[in-house]
Every structure is written in C-alpha cells, then in structure tokens.
Amino acid sequence: MQITRRHFFRVMGVAGASVAVRPPAGHAWQSKAPPDPYGCLVDLTRCVGCRKCEEACAEVNCLPEPERVNCQCTIFEKDRRPDHDAYTVVNRYYTGKVDEFDKPVPTFAKVQCMHCQDPACVSACIVGALTKDETGTVRYDVTKCIGCRYCMVACPFEIPAYEYHDPITPKVMKCTFCYDRISKQGGVPGCATICPTEAITFGRRDTLLEVAKQRLKNNPARYLPHIYGEKEVGGTSWMYLSGVPFEQVNLPALPETPSPKLSETVQHSLFTYLWSPILLFGVLGGLMAWFNKNDNPPDKGGV
Amino acid sequence: MIKKIMVCACLIPFLAGVCAAEVWKAPDQEQARERAKETVPFVKEYKDDCQISRRICLMDAGISLDDVTTVYFLLDSPIIKDREDHYEPVRFAHKRHAALVDDCTQCHHYRPKDENALETTRCSACHQDSFNPEYPERIGLKAAYHQQCMECHQQEAKGPVDCTGCHLKHVPDHKELVKLPDNPDPIQVTKACLECHDTQGEDMLKTAHWLWRGPSPYTTGHRKDILHGKGTTALNNF
C-alpha cells in the first residue's frame, strides 16, 4: 500500500488526538527540596533595628558599605528593598502597636532572599544558573547566567536584583546565605553572627521549626501563632516570627503550594511523550489536507 | 587660687596619663579585666523556676544586696570575641544595678540544676556560644547581654539603648596626640583639650558643671559665697 502525504497526516492526526484524549502519563510533581537544609529564624520581636546585619552582610560579601551605617535617624523613612548594592535591608514599620504610654512601637523587619525549599527562580532559570544546594542555599552561578531575568519575575518575594548599571558583566544580585561560610563546619552567616540580640537564629531548618514552636508556646502573648515560611510557597529556609500581622511588615500572604508546582506540572504534562507537538502538527496537517481537498485546482489559463 | 586648683584637679589624672612614663593601673579595673577573660564550664541543665519561686529561693539562701561583692564587671568575654570583635567592652556597674533594681532575679533568672552550684551563677555559665545545635533555644552570651540590658532599659525608660551608650569608645593613646610643655598650667591643658574636643566644650557650657550657682561649703575662704560658679568666676574660660 502506498502511503500518500495526505494519508500520512491523517494517521498522525488520529494518533495525536488519541494521545490527547488519554490522560498524560507524566509523573506527579515532586518536590526537589533538600532533606535537611540550614535555615534562619528571624524573630521580629527581638529586632532592634540597629542594621548591623546590613553592615556585616556588606563586609562579608564585599558590597559597598550601607548608607548611614551608624545613624538610624532618617534611613527608615523610606521603604527599602534589597538591590544590587545590598543583599539585605532592614525596614521600620509602624503597625499601630503602642506601648503603655500610647507611644507607637516600631517593628523592624529584615528582608533578604528566603531561600525557598522549592524555589521559583530555580525553576524559571532556563540555563540552570540558579540551583538549590544541599545546605538550603539558592546559589547563583554567574558563568551560566544569560541575563534573561526570568528569576526576577518568578520570585514571589521579588528579591533578585540586577546590575543594570553594568553594561558589560551584569549579575543577578541576591543573598548568598553566606554559602562559603555555612558550608564549612561551624560557619554562620554574617548577619546572624553580628546580630546583637540574636533576632536571627541560625541552624537546621527542622531544629528552628522546633525552636519557633517552643517560643510560640512559651510566649503566646508576644507572637502571632504563625511561623511565616514554614508552609508559605512550600516552605522557605528563612522563617519569621512576629508580633504584628505579617502583611503589615511586607511579608505577603502566599499560598502553601510551591510556586513551581503549577508551572512545572503544566509544562511536564504538555511535553510528556511529546504529545502536544505531535497533536499540534497533526491538527495542522489535517487542516492543511482538508483545505487542499476543498481547494479548486489552480487556474492555469490565466487572463 | 584654691578654686583654680580645684578646677585643674580633675585634669590631674589625665595629665598623669599623658606625662608619666609608667602608666598607673587601677587595681579593680585590672581585676575586672582578668575576670572577664575567664570562662567557666557550660551549664547544661537549669532549674526551670518562675521568678517568684526564684525570689523565695534567694531569700531562703539569705542572699541580699549586701552580698554583692563585685562592684563592676568588664563584659569582655572571649566567648563573644571568638566570633566577632567589633566593639569595645562594656563596663557594667554590677553593684549599682543591683541596688537600683533591688531584685537579683531580674538577671539571675534561673539557676543550674546542680544543687551545689551557686545560686547566682554568672551569665556566661549558661549563655555561651550562639547557635549551639544541641541547645538550640539557649541564646548566646552576646544576645543574652543585649536582650537583658536593652529590654530593661527600654521598659524602665532609663539607661542607654544605643551602641556607644554602653560600649566604651575606642580611645586612641593621647601620648602622641597631645603636645604640652613641662609643668603645664590649667589653662594650657584646657586649651589642648579644646583643640579637638570643641563640641564637648560647647556641651559642657550647658551642663550644671558650668552653670552651677551656690555656696561652696568646702572651699576655704569662699564658704559663704553663693554666686560662685564656673560661669561667673570663669577661671579658664575660652
């Protein structure tokens, strides 16, 4: 039997359609989170807003010295974000909390990369420049980066920054979790080392969760009964305890589903056994065949 | 003249520091320095008492303010300096705080489980290195100091809460900085100070040290003068 072009496409179209009807056989989405990562627990009720973490971070990571290191007078007037010059910043929030003299009590909140368990940036990176390490660090490899900045769009916390001012060798800038320090025995991130009140507790994530739960149990009046980062976007390595609502200190309410779950599920289901391209070309082929059949033979006579 | 001498009396220790070849050291300061270097074995287990039962415990043990022997501590433990050493040590007026707070349990909040241990153990027995994975909820020595001091200072609205309010400033050796003739008079000394410390000079003019008016019962010959004071009988007024 001779297979005509038209017949071929017809067969392919049917085959593609049958694959489409069948539920995709791809595996269910699985978390790639490291089993025993490090983490940090930030206790906002302990933070006094001294900004020593900013100073230490800049020193450890060879970044420019933060603006007005030793003066806290005006720096908190604007809401700051981590940028190409700073991996972490502390902001001040007046949330309506008052002391016994009705004086407003500020809450200070440190912002940095949360080092998600299933990071959206790692999933979005098309060249594998961002990876989630065994230590819990989301690491960035500048030699692989092509500067697409998908990570910046993907991050639910809007953390990665870009060196827009550098036209030759721009980098994505974000907290490194002091990987060089914590990957060594007994190493502690710069910010946690310097923090005078231990508002940042460094340790294994599981241990920190225990510590956090203990603090909530021992001091229910001091804290809101929630550990931010325990479940948000599938869990983060950096977690927060607070006495004021988290939304008020710029820690957004996020779903418990890891961000890459939906995108990766969609992507993986689309490309399992290449059924979607096959279907697409099948349908296109079918359409072409159908149009060809209905078309009148080309007019050869001319005018 | 006597007044003049009194004015410069406060400068004599400073002068001594500048001129004397052999620096005199205060014995209690040296003692505090030595004590700060000591480290004690880590207390693993503590008795989880509430504050009231702690107070009763101390009362039963007969511990009162009279037992406070050490007047002040230099908070300069190697436990803290191991990790980072950015600030000069803090001089903690132990006896003064004890008298002011009048409640040892404010700081001596727990005691070791070991019955033979002292009722008032030093901070660094329980609080040592930060982030000890075996005792994750035990805060380190540095955090213990800061949390304890700052929380109380804030609550009582007394005492400093900024860094240099407690930490000694790094004072450079003035031997090289100050050039004075041999046997300088008070005016020369004050002038030398004000060459750099002009802000402090301005500030001083607003304080009671400058503005006081009143009797000088201990100044011979001026016992009944009530209008004396640095601001009026300015002896070394720049």
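Can you name the residue in region A:148-159 that is assigned to a loop (DSSP other than H, G, I, E, B) and touching a residue at least 24 places away in the same chain (Cβ under 8 Å) and is also nearest to A:CYS121 (Cα to Cα) among such residues? Explain how you work it out, then say what you get.
Residues of region A:148-159 assigned to a loop (DSSP other than H, G, I, E, B): A:148-149, A:155-159.
Pick out the ones that are also touching a residue at least 24 places away in the same chain (Cβ under 8 Å) and you get A:155-159.
Values: A:CYS155: 6, A:PRO156: 9, A:PHE157: 10, A:GLU158: 10, A:ILE159: 10 Å.
Ranking the qualifying residues of region A:148-159, first place goes to A:CYS155.
So is A:CYS175 touching a residue at least 12 places away in the same chain (Cβ under 8 Å), within 14 Å of chain B (Cβ to nearest Cβ) and not hydroxyl-bearing (Ser, Thr, Tyr) or not? Here the answer is no, as A:CYS175 does not meet what is asked. Residues of region B:146-180 that are within 9 Å of chain A (Cβ to nearest Cβ), aliphatic (A, V, I, L, M), under 18 Å from the mean Cα position of the chain (by Cα) and open to solvent by 40 Å² or more (accessible area, probe 1.4 Å): B:VAL161 alone.
Highlighted here are the helices (runs of 4 or more DSSP H) found entirely within region B:174-238 that include at least 1 residues which are under 24 Å from B:VAL23 (Cβ atoms) and either touching a Gly at 6+ places or on another chain (Cβ under 8 Å) or at pLDDT 80 or above (or both): B:174-177, B:186-196, B:198-204. Somewhere in region A:175-191, is a residue open to solvent by less than 40 Å² (accessible area, probe 1.4 Å) and under 26 Å from B:GLN154 (Cα atoms)? Scanning region A:175-191 turns up at least one residue that is open to solvent by less than 40 Å² (accessible area, probe 1.4 Å) and under 26 Å from B:GLN154 (Cα atoms). At least 1 residues being more than 21 Å from A:PRO119 (Cβ to Cβ), touching a residue at least 40 places away in the same chain (Cβ under 8 Å) and within 13 Å of chain B (Cβ to nearest Cβ) is the threshold, and among the helices (runs of 4 or more DSSP H) wholly inside region A:179-280 those reaching it are A:190-194, A:205-218.
Counting residues that are open to solvent by less than 30 Å² (accessible area, probe 1.4 Å) and farther than 20 Å from A:TYR164 by Cβ, which strands (runs of 3 or more DSSP E) fully inside region A:58-145 reach at least 1?
Hits in region A:58-145: A:89-98, A:104-111, A:138-140.
With the condition kept exactly as written, say whether any residue in region A:71-92 is within 21 Å of the chain's Cα centre (by Cα), β-branched (Val, Ile, Thr) and more than 26 Å from B:PRO160 (Cα to Cα). Yes, region A:71-92 has at least one match.
Taken over region A:192-243, the criterion of being polar (S, T, N, Q) and open to solvent by 10 Å² or more (accessible area, probe 1.4 Å) is satisfied by A:THR193, A:THR207, A:GLN214, A:ASN218, A:ASN219. Does B:ILE80 count as within 30 Å of A:GLY39 (Cβ to Cβ), modelled with pLDDT under 90 and not hydroxyl-bearing (Ser, Thr, Tyr)? For B:ILE80, the condition - within 30 Å of A:GLY39 (Cβ to Cβ), modelled with pLDDT under 90 and not hydroxyl-bearing (Ser, Thr, Tyr) - is met.
Every condition in (1) of a type outside the set (A, V, I, L, M, F, W, C); (2) more than 19 Å from A:CYS116 (Cα to Cα); (3) within 10 Å of another protein chain (Cβ to nearest Cβ) holds for A:THR169 except the one numbered (3). Looking for something under 17 Å from the mean Cα position of the chain (by Cα), assigned to a loop (DSSP other than H, G, I, E, B), more than 25 Å from B:HIS146 (Cα to Cα) and of a type in the set (A, V, I, L, M, F, W, C) - is there at least one such residue anywhere in region A:160-173? The answer is no, given that none of the residues of region A:160-173 is under 17 Å from the mean Cα position of the chain (by Cα), assigned to a loop (DSSP other than H, G, I, E, B), more than 25 Å from B:HIS146 (Cα to Cα) and of a type in the set (A, V, I, L, M, F, W, C).
The values are calculated or read from the model by the stated rules, or taken from the named source; none is laboratory data. All values derive from a computational prediction rather than experimental measurement. Ideal geometry is used to build each Cβ from the backbone, glycine not excepted, and the neighbour counts take in all protein chains shown. Heavy atoms of the whole protein, side chains included, go into the accessibility calculation; ligands, DNA and RNA do not. Shrake-Rupley method; radii C 1.70, N 1.55, O 1.52, S 1.80 Å.
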